[in-house]
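I have placed the structure first, in the form of structure tokens, so that the comments after it can refer back to it.
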Amino acid sequence: MNLFHRILILFACVGFSLSQVQSNAHAKGAIPMISLVKNMPNLPTPYHMRDWRKVTKDYLKLIFDFHRQGDMLPLVKWTDDSHSVFDLPSYVGISGSEAINCMAAVVSGELNGLDMTDFQGENWVKLTQLFYTPQDKIYVNNIGGGAPDSFWYELLPNILFYQIFYYRPDVGKSATQFQTVADQWRIACADMGGSYKSNLLPDLDHTSFNFERMQPVNNGKWLEPDGGAGIAWIEYMAWRKSGQAKYLHAAELCLEALENRPNDRNPLYECLLPYGALTAARINAEEGTHLNTRKLVNWCFDAGGRESARIGWGVITARFGNDDCAGLVGSVTDTNGYAFAMNTFEWAGALTPIARYDPRFAHDIGKWMLNLSNAARLFYPNSLPASHQDCKEWAEKNDPNFCIGYEGLRKEAWFKGQQPNPAISPFATGDALRNGNPSNLCLYGSSHVGILGAIVKPSDVKGILILNLLKTDYYHAQAYPSYLTYNPYDSVKRIRFDVGLKSADLYDAVRHHFVKKDVRNDVTLTIPADTAMVLVVTPAHSKEHVKDGRLYVNGIVVDYRYGESK
């Protein structure tokens, strides 16, 4: 009998179950899947979790209200007499519509159960189709198009369109646009050298892509190789929707091109790489490939060095003043930390579903999302004193629910022409005021808040969240309700979990077994210390079978890595 078995027997003699010992051994002994998460607190302090669903709904009511009165209000305006073109600014007090703002707001509404084809009397889904440019056959960031300048500005509008189309596929000419977007970016992959037949990978070291000349663009200043991640997500979604192998092939080529980069050449530039990480996890689970998801995910967190696409860009682990700000996304070097709302929200939406396809990430994603969801409150004016932000007076008078956030959060206050002031920390701010605009309160970041509104739900135990794994997992195969929950405490905790009105079985994909059978309504779940669970709610008395290492219930996959339990 080896030492481990002797220890198990000893634990059993003092009242511990074998399953509890194995669970805690897994949690404490497993190699971290996301290295940076170990530097984050299990339970951030101070702990104040906003109701992100309410923030989302308050925000959309405010920004889409043509009749709102106040200083620099209303935010949304018609630009023509026929009410066919609208203006929704990226910052309070300026003009001009960007797709990364307007389309993100529509996604936020749909994610949180709002019908954005008839929201406050307008069809916002159809209005966002103004960002489609027929000449290039893709979505662009500005109505009427414009010269290419950046992969992320070119790709994110198309990603947001695919997300809107997931909910509203029958509006306008969206079905045709869905295909042209996939075709154009597939051709772009080919024009960057990618060929599935010849096994040639695309060269992703470019700044953008010019669809008029059908060739990549280098501006001589920076490169955005994570454009390949955005293309991969679009192409894989097109494959899932259409079943046309050409789209799957393009996605695989882009991901392999990213994966083949040396570890010190992190391709992360702005906000696209997390979409590639999710796509890699999905292709591995659904198509049986072996892409290095862990490498891609860790690139999303680790700040890039000298050989990377963007030095210092990644996930923050520090405290800003008296507040834990771990989990937020941005620069770890600018004023010793400068997090951005848009990036933070987008990271949450793209990376959280990975836990469903690869539960080995569940612990680290659960811990990170707890930190992120708590710290994100600091983007908003009601979370900081007036001396720690730019525009609280406007917010108090015009945004009583404090649902418009700042563009970013600095560790050290910084004003144009001055040195950073570490005595004022954190400091909610942005880049608009120093460029001559009237406000750093930022819609282009705040419009993505619906991601947290859709994913994050607190349990009845402080600090334990229940994360919805399906909400931002677009075009997924048929699936049962799936959730991630993480216990940050150093002791066992019990939470209430609602499995619904119908009799159900509750499966944990982390430990590859059913934890409850034939239950309904509220049940009590026991979560070991510092441990995560990926919970799948399946119908009771169902037929189970295993094929190719996956566990199916009534023909639907509930565990993509079930074979690892054997």
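Test D149 against the criterion of being assigned to a helix (DSSP H, G or I) and either of a type in the set (D, E, K, R) or closer than 18 Å to L75 by Cα (or both), and give yes or no. Here the answer is no, as D149 does not meet what is asked.
Go through segment 192-217 and give me each residue that's among the β-branched types (V, I, T) and free of Cβ contacts under 8 Å to residues at least 60 places away in the same chain. Listed by number, the list holds a single entry, T207. Which members of segment 112-122 meet the condition of being surrounded by fewer than 24 Cβ atoms within 10 Å (Cβ to Cβ) and within 14 Å of F165 (Cα to Cα)? Matches in segment 112-122: D115, T117. Kindly evaluate F178 against the criterion of being under 15 Å from W233 (Cβ atoms), in contact with a helix residue (DSSP H, G or I) (Cβ under 6 Å, 6 or more places away or on another chain) and buried (at least 18 other Cβ atoms within 10 Å of the Cβ). Yes. The requirement of being outside the structural domain of G288 (by TED's automatic domain parsing), touching a strand residue (DSSP E or B) at 6+ places or on another chain (Cβ under 6 Å) and over 23 Å from T352 (Cβ atoms) is satisfied by K517.
Considering K462, K457, K493, K471, the condition of being over 14 Å from P528 (Cα atoms) and in contact with a strand residue (DSSP E or B) (Cβ under 9 Å, 6 or more places away or on another chain) is satisfied by K457 alone.
Hey, any hits in segment 365-385 for a residue that's at pLDDT below 95, over 22 Å from the mean Cα position of the chain (by Cα) and not in a helix (DSSP H, G or I)? Write out each step before concluding.
Keep residues of segment 365-385 that are at pLDDT below 95, which gives none.
No, segment 365-385 contains no residue that is at pLDDT below 95, over 22 Å from the mean Cα position of the chain (by Cα) and not in a helix (DSSP H, G or I).
Exactly one residue among K493, K543 is of a type in the set (K, R) and closer than 22 Å to N42 by Cα, and that residue is K493. Considering segment 316-370, and only residues there that are more than 22 Å from R50 (Cβ to Cβ) and of a type in the set (K, R), the residue that is surrounded by the most Cβ atoms within 10 Å (Cβ to Cβ) turns out to be R356.
Kindly indicate whether any position in segment 410-417 is basic (K, R), buried (at least 24 other Cβ atoms within 10 Å of the Cβ), assigned to a strand (DSSP E or B) and within 23 Å of the chain's Cα centre (by Cα). The answer is yes; a qualifying residue exists. Scanning segment 513-560 for residues that are acidic (D, E) and either surrounded by fewer than 21 Cβ atoms within 10 Å (Cβ to Cβ) or over 30 Å from the mean Cα position of the chain (by Cα) (or both), we see that the one that is farthest from A479 (Cα to Cα) is D530.
Mind checking whether some residue in segment 327-334 is assigned to a strand (DSSP E or B), on the phi > 0 side of the Ramachandran plot and either of a type outside the set (D, E, K, R) or in contact with an Asp or Glu (Cβ under 9 Å, 6 or more places away or on another chain) (or both)?
The answer is yes, given that some residue of segment 327-334 is assigned to a strand (DSSP E or B), on the phi > 0 side of the Ramachandran plot and either of a type outside the set (D, E, K, R) or in contact with an Asp or Glu (Cβ under 9 Å, 6 or more places away or on another chain) (or both).
Is there a residue being in contact with a Cys (Cβ under 7 Å, 6 or more places away or on another chain) and modelled with pLDDT of 95 or more anywhere in segment 280-301? Within segment 280-301, not a single residue is in contact with a Cys (Cβ under 7 Å, 6 or more places away or on another chain) and modelled with pLDDT of 95 or more. Counting only helices (runs of 4 or more DSSP H) that fall entirely inside segment 232-323 and contain at least 3 residues that are touching a residue at least 60 places away in the same chain (Cβ under 8 Å) and more than 18 Å from the chain's Cα centre (by Cα), the qualifying elements are 245-259, 273-287. Looking across segment 196-220, just one residue is β-branched (V, I, T) and part of a loop (DSSP other than H, G, I, E, B), and that is T207.
Table: residues versus (1) on the phi > 0 side of the Ramachandran plot; (2) surrounded by fewer than 24 Cβ atoms within 10 Å (Cβ to Cβ).
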{"position": "K137", "(1), (2)": "yes, yes"}
{"position": "S150", "(1), (2)": "no, yes"}
{"position": "R168", "(1), (2)": "no, yes"}
{"position": "S174", "(1), (2)": "no, yes"}
{"position": "A188", "(1), (2)": "no, no"}
{"position": "G193", "(1), (2)": "yes, yes"}
{"position": "M214", "(1), (2)": "yes, yes"}
{"position": "G220", "(1), (2)": "yes, yes"}
{"position": "A229", "(1), (2)": "no, no"}
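In the set D191, D183, which member is more than 22 Å from P267 (Cβ to Cβ), assigned by TED's automatic domain parsing to the domain that holds L296, acidic (D, E) and at pLDDT 95 or above?
Details: D191 fails: more than 22 Å from P267 (Cβ to Cβ).
Just a single option satisfies the conditions, and that option is D183.
Filter segment 39-57 down to the residues that are part of a loop (DSSP other than H, G, I, E, B) and either over 20 Å from the mean Cα position of the chain (by Cα) or within 29 Å of D302 (Cβ to Cβ) (or both) and list them by number.
As a first pass, look at segment 39-57 and keep what is part of a loop (DSSP other than H, G, I, E, B): 40-51.
The answer is M40, P41, N42, L43, P44, T45, P46, Y47, H48, M49, R50.
The values are calculated or read from the model by the stated rules, or taken from the named source; none is laboratory data. Model, not experiment: these values are computed from the prediction. Reconstructed Cβ throughout: ideal geometry from the backbone, glycine too, with neighbour counts over all protein chains shown.
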